[in-house]
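Shown next, in structure tokens, is the structure this report addresses.
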Amino acid sequence: MRNIITITFILTAFLGYSQTDNKRADALFNKMWYIEAAKAYEAAIKKGDTSKETLQRIGDAYYFNTRMQEANKWYEKLISEYPEEVSAEYLFRYAQTLAGTQNYPLAKKWMKKFSEKAGATDIRARNFSQKDITIDDILKLEPQFTLQNLSINSSYSDFGPMFYKGHLIYATSVDSSYFATRTYGWNNQPFLNLELGRINPLQTDVTDSERFSKDINTKYHDACVAFPPSHDTIYFTRNNYNGKLKRDGNGINNLKLYSATAVEKDGKTKWENIKELPFNSDDYSVGHPTVSKDGKKLYFISDMPCTLGPTEILVVDILGDNKLSEAKNLGDKINTPGRELFPFVTDTSLYFATDGHLGLGGLDVFESRVKDGSFGDPVNLGAPLNSNMDDFAYIVNEETNKGFVCSNRKEGKGDDDIYSFERTPIECKQLIKGTISDGLTGQKISGVTVSLIDTNGKKIEETLSQINGDYAFATVLSCNTDYFVEAAKQGYKNTTKPVLTGNTSGETIVPLGIESDLIIKENGLLKIKIGIIFFDLDKSYIRNDAAIELNKVVLLMNEYPNMVIKIESYTDSRAKDEYNLKLSDRRAKATRDYIISQGIAPERIESAIGYGETQLINECSNGVPCSEAKHQLNRRSEFIITKT
């Protein structure tokens with residue numbers, strides 16, 4: 001992807017580089033003329049300059065042109081000579097070059113080192129930690145794609161395909177017939193223009209290529225288009241150019257998104273009313289548009305301020321009357337501190353290229369399933385669609401499972417080539433299993449009835465948890481589908497948990513914690529909830545009906561052998577305060593003694609204290625007329641759990 005990185009403007013994120021002592025090389029690098037800059041840095045290194053900054057820059061000059069072998073050489077030297085000083089970002093790039101040269105065992109090692117150094121603040125650290133999924137897992141994915149290199153590919157960059165009325169629009173740096181040949185310093189190739197080719201009936205090749213439109217193409221970069229379903233509007237990416245190139249404060253000519261309206265004249269389509277989209281800026285870039293199938297949303301990428309990484313995917317609502325909503329970031333499930341590029345959205349999925357999620361090297365194509373307007377976890381589509389090089393700009397007709405993708409893999413004709421593909425979807429199967437445990441102690445619970453229920457409330461399967469708390473359903477389920485798992489056992493509260501099965505074949509692990517139905521939480525305290533403990537008038541001995549309720553406390557404490565409680569007893573206000581205080585204290589201690597008599601160790605009862613009428617829970621204080629029911633609320637014993 002030696003040309004499209006220019007189109008995706010990632011370098012504005014790296015303008016804070018330290019300068020080296022090589023002014024000419026730095027000037028070339030800052031102008032993004034990486035081929036010439038690399039030569040200048042190599043000359044400096046031969047003269048003895050092996051500073052950290054020079055090694056970083058020569059590595060980057062090759063890295064940004066996807067020359068992974070050369071980048072790997074200099075990043076390796078950088079890390080070996082400055083092991084403590086090198087930043088996590090350079091460990092990431094080094095790991096990428098190892099993957100890009102198919103040295104996957106070593107790439108795996110350095111991806112872990114990157115994750116350790118980057119820490120929790122970098123989302124990529126989680127993605128590359130290889131705790132959930134490894135490079136080996138991606139390499140073992142069952143192939144879904146067959147690819148074919150298109151006839152239209154040249155020895156230059158050809159990329160960025162988009163469907164258009166049975167044709168394919170794409171960007172190419174083949175010499176333009178409209179302007180004198182102009183080359184771009186990044187890779188010494190001509191500037192990009194849009195071409196239109198005919199897709200053959202089998203959708204396997206594109207032929208009869210011609211310039212798309214003189215109305216759109218300029219003498220600088222024009223690429224990456226999108227259309228609403230009506231095809232009456234085009235959105236396209238172009239240099240910040242309106243007769244004259246404009247640059248930001250750092251001297252960078254950023255990219256902008258433009259729209260134009262289709263006008264039919266003499267049987268031909270003219271594109272008129274070309275204008276910038278409102279979220280453009282001279283100070284950052286936007287590009288790579290794609291429109292939702294209902295024509296209501298426009299997705300694009302940008303390096304605007306407050307993004308996580310060099311480029312991220314954003315979306316706006318298309319409101320009509322040429323109005324758009326404020327841009328919204330797709331969030332960190334999709335976006336990372338790496339590069340997210342070339343989104344393409346269908347009714348069911350968002351496809352995009354990224355190096356911020358674990359892949360096979362360079363950019364890989366990922367799929368995020370869309371459900372109820374939310375995006376699922378991105379899934380790597382595996383080889384042969386993805387390779388050790390850059391793979392990107394995936395578009396698909398999901399009715400035929402045919403489409404196009406771009407890559408700069410070695411077997412191509414040029415820097416970036418377009419490939420047709422046919423996808424044979426693999427049936428995605430999921431099983432649900434898990435463990436049932438006590439929500440308070442974590443102790444595994446056997447004999448729990450566990451039910452699998454669909455979203456219509458229909459029970460699909462029922463099973464029992466084993467002695468170790470494990471359960472498993474035998475029913476094979478669909479991927480990326482909602483279900484409910486319900487756990488029930490006598491003496492425990494029924495617990496239901498919503499489940500979304502995974503995006504790839506495998507198992508979805510659903511642990512459930514259930515709690516005793518005798519335990520409640522009130523005012524931040526855990527309490528044992530039993531029936532009212534009745535005492536005879538002015539008495540404190542334990543009646544038979546009270547013993548039945550207290551036995552529930554004994555049973556619970558036997559189930560939780562580490563549980564410690566304290567007992568608090570209260571009266572209503574219908575006697576003297578001092579009398580009530582003493583009576584409640586006798587009742588609290590009688591309650592304690594009964595529980596101990598049933599085999600509970602005395603040390604497991606932290607205290608047993610009566611509080612009389614000092615903590616009424618309603619307005620029924622001295623002299624206030626109240627019903628018997630209200631007075632009864634104040635005559636209570638509470639069993640507060642202090643340790644589980």
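Expressed per residue, the C-alpha convex hull volume of the stretch 262-350 stands at 118 Å³.
Binning the C-alpha pair distances of the stretch 361-499 at 10 Å intervals from 0 yields a P(r) profile of 10, 29, 21, 17, 15, 7, 1, 0 %, listed from the shortest bin outward. Projecting the Cα atoms of Val396, Asn127, Leu168 onto the dipole axis of the chain, where Lys and Arg carry +1 and Asp and Glu carry -1 at the beta carbon, places Asn127 farthest toward the positive end. Spin-label pair Asn618-Asp593: with each label point 7 Å from Cα along the Cα-Cβ axis, the two points sit 3.2 nm from one another.
Within the stretch 261-360, what whole-number % of the accessible surface is contributed by carbon and sulfur, with the 1.4 Å probe and all protein chains included in the calculation? Mind showing how you got there, number by number?
On the way: 1930 of 4180 Å².
Carbon plus sulfur share of accessible area: 46 percent.
Of all DSSP bridge pairs formed entirely within the chain, close to 90 percent run antiparallel. Please state, rounded to one decimal and in Å, the Kirkwood hydrodynamic radius that the stretch 437-509 gives when every pair of distinct Cα atoms enters the mean of 1/r. After inverting the pairwise mean of 1/r, the radius is 13.0 Å.
Percent of Cα-Cα pairs more than 13 Å apart in the stretch 100-148, please. Mind dumping the intermediate values first?
Details: 730 of 1176 pairs.
It works out to 62 percent of all Cα pairs.
Figure legend: label point modelled 7 angstrom from the Cα of Asp137 along Cα→Cβ; residues of the stretch 486-514 with amide N under 18 Å from it are 500-511. Here's the picture: charge each Lys and Arg Cβ at +1 and each Asp and Glu Cβ at -1 in the chain, and of Pro498, Thr204, Ser607 the one pushed furthest to the positive end of that dipole is Ser607.
Using a Förster distance of 25 Å, how high is the FRET efficiency between Arg211 and Ala27, based on the Cβ-Cβ distance and rounded to 0.05?
Values: r = 34 Å, r/R0 = 1.38.
Once the sixth-power term is evaluated, E becomes 0.15.
With all protein chains in place and ligands, DNA and RNA left out, the 1.4 Å accessible area ranks Ser155, Ser516, Ser627, Ser281 as Ser155, Ser627, Ser281, Ser516, largest first.
Rolling a 1.4 Å probe across the protein heavy atoms gives the chain an accessible surface of 45 Å² per residue.
With q set to 0.10, 0.17 Å⁻¹, the log10 of I(q)/I(0) for the stretch 294-449, from the Debye formula over equal scatterers at the Cα positions, is -0.47, -1.02. Computed from Cα atoms, the angle from the helix 88-100 axis to the main principal axis of the chain rounds to 60 degrees. Between His231 and Lys328, the distance separating the two model label sites (each 7 Å from Cα on the Cα→Cβ line) works out to 3.0 nm. Helix 577-597 and the longest principal axis of the Cα set of the chain meet at an angle near 80°.
Suppose R0 equals 25 Å; then what is the FRET efficiency for Glu461 and Lys521 from their Cβ-Cβ distance, rounded to the nearest 0.05? After rounding to 0.05, the efficiency reads 0.20.
Our summary gives the chain a relative contact order of 9 percent, counting only alpha carbon pairs under 8 angstrom and 6 or more residues apart. Between Lys413 and Ile609, the simple label model (points 7 Å from Cα in the Cβ direction) yields a spacing of 8.8 nm. Fully extending the segment from Asp266 to Asp283 would add 2.1 nm, taking 0.36 nm per residue of separation and subtracting the current Cα-Cα distance. The trypsin sites (Lys or Arg not before Pro) of the stretch 16-118 that meet both conditions, a loop assignment by DSSP and at most 10 other Cβ atoms within 10 Å of the site Cβ, are Lys47.
Computed on protein heavy atoms with a 1.4 Å probe, the accessible areas place Trp271, Trp33 in the order Trp33, Trp271, largest first.
Compute the semi-axes of the equivalent ellipsoid of the stretch 450-550, taking the square root of 5 times each eigenvalue of the Cα gyration tensor, and list them largest first in whole Å.
After scaling each eigenvalue by five and taking roots: 42, 14, 11 Å.
Where does helix 68-81 land angle-wise versus the long Cα axis of the chain, in degrees 0 to 90, nearest 10? The angle comes out at about 60 degrees. Dividing the radius of gyration of the alpha carbons in the stretch 508-644 by their Kirkwood radius gives 1.02 for Rg/Rh. Rg and Dmax over the alpha-carbon atoms of the stretch 492-575 stand at 19.9, 70 Å.
Among the cysteines of the chain, those whose beta-carbon sits 4.7 Å or more from every other cysteine beta-carbon are Cys224, Cys306, Cys406.
Kirkwood Rh over alpha-carbon pairs of the stretch 484-530, then Stokes-Einstein at 37 °C and 0.692 mPa s: what D in µm² s⁻¹, rounded to an integer?
Details: Rh = 12.9 Å.
It diffuses with D of about 254 µm²/s by this estimate.
Using every pair of separate Cα atoms, the Kirkwood estimate puts the hydrodynamic radius of the chain at 29.4 angstrom. Based on DSSP H segments of at least four residues, each scored -39500 (n - 2.57), the chain has a per-residue ellipticity at 222 nm of -6500 deg cm²/dmol. Scaled against 2.2 N^0.38 Å for its residue count N, the alpha carbon radius of gyration of the stretch 352-417 is 1.16. Within the stretch 532-583, the chymotrypsin sites (Phe, Trp or Tyr not before Pro) that combine a DSSP coil assignment with at most 16 other C-beta atoms in a 10 angstrom radius are Phe534, Tyr541.
The values are calculated or read from the model by the stated rules, or taken from the named source; none is laboratory data. Source: prediction; values computed, not measured. Reconstructed Cβ throughout: ideal geometry from the backbone, glycine too, with neighbour counts over all protein chains shown. Heads up: the accessible areas ignore ligands, DNA and RNA and are worked out on the full protein's heavy atoms, side chains in. Shrake-Rupley method; radii C 1.70, N 1.55, O 1.52, S 1.80 Å.
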